[in-house]
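Worksheet for the structure shown next.
The values are calculated or read from the model by the stated rules, or taken from the named source; none is laboratory data. Values in this document were obtained by computation on a predicted structure and should not be read as measured data. As a convention, Cβ positions derive from the backbone with ideal geometry for all residues, glycine included, and neighbour counts pool all protein chains shown. When the accessible area is computed, the model is the full protein with side chains, heavy atoms only, and any ligands, DNA or RNA have been set aside. Shrake-Rupley method; radii C 1.70, N 1.55, O 1.52, S 1.80 Å.
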Amino acid sequence: MAQTPSPLHANLMTDVWELASRKAALAAQLAEIDQLHREAVTLAHAFGIKQPVLAKLSDVTPGRISQIVLSTETPDADPDEFHSAVFKALEWGDDHRERIQRAIAKANPEAFVEKFELVHGRSPASRRPARP
């Protein structure tokens, strides 16, 4: 059996675990926001907004906007529906990130249990010998 960590060690281990979990959720959320931005650029371009204007608004070069327009499919949603999706992503970002974080934990419950056991000084379940 693993040694029970001191309160200091348990807190530090919990910090590492929680920050790694938050980092993974933020990375997933960033990927979603990046995709929404690409789609927003292509939708705006499809409705006549010029690439130099989109570049200025996006803080990128006009060449990068051109790449985005060429490589990203224009969303099927009308502009109002798309704006609603953007609003939710921006205004409800914390709720969405928490849902992502829970989904990540749910997707791999064994990893959650193993980390929980490590923090609480128990041998990780994945290292226990299988019972006959």
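Some points to look at:
- Filtering segment 43-73 to residues that are under 22 Å from the mean Cα position of the chain (by Cα) and among the β-branched types (V, I, T) leaves I68, T72.
- Counted residues, segment 1-10 - those being part of a helix (DSSP H, G or I) and surrounded by 13 or more Cβ atoms within 10 Å (Cβ to Cβ): 2
- Checking P75 against (1) buried (at least 17 other Cβ atoms within 10 Å of the Cβ); (2) in a helix (DSSP H, G or I), the condition it does not meet: (2)
- Test: residue in segment 20-30 that is farther than 30 Å from H120 by Cβ and in contact with a helix residue (DSSP H, G or I) (Cβ under 9 Å, 6 or more places away or on another chain): no
- The set of residues in segment 76-113 being among the charged types (D, E, K, R) and over 16 Å from the mean Cα position of the chain (by Cα) consists of D76, D78, D80, E81, E110.
- Figure legend. Inter-residue proximity from segment 6-22: first residues at negative phi, second residues part of a helix (DSSP H, G or I) and among the basic types (K, R), beta-carbon distance below 7 Å, spacing 6+ or different chains. Indicated pairs: W17/K115.
Condition check ((1) assigned to a loop (DSSP other than H, G, I, E, B); (2) open to solvent by 80 Å² or more (accessible area, probe 1.4 Å); (3) at pLDDT below 90) across all residues:
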| site | (1), (2), (3) |
| --- | --- |
| L12 | no, yes, no |
| W17 | no, no, yes |
| S21 | no, no, yes |
| A25 | no, no, yes |
| A31 | no, no, no |
| D34 | no, no, no |
| E39 | no, no, no |
| L43 | no, no, no |
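- When the residues of segment 99-112 are filtered to those that are open to solvent by 80 Å² or more (accessible area, probe 1.4 Å) and not small (G, A, S), the one that is modelled with the highest pLDDT is E110.
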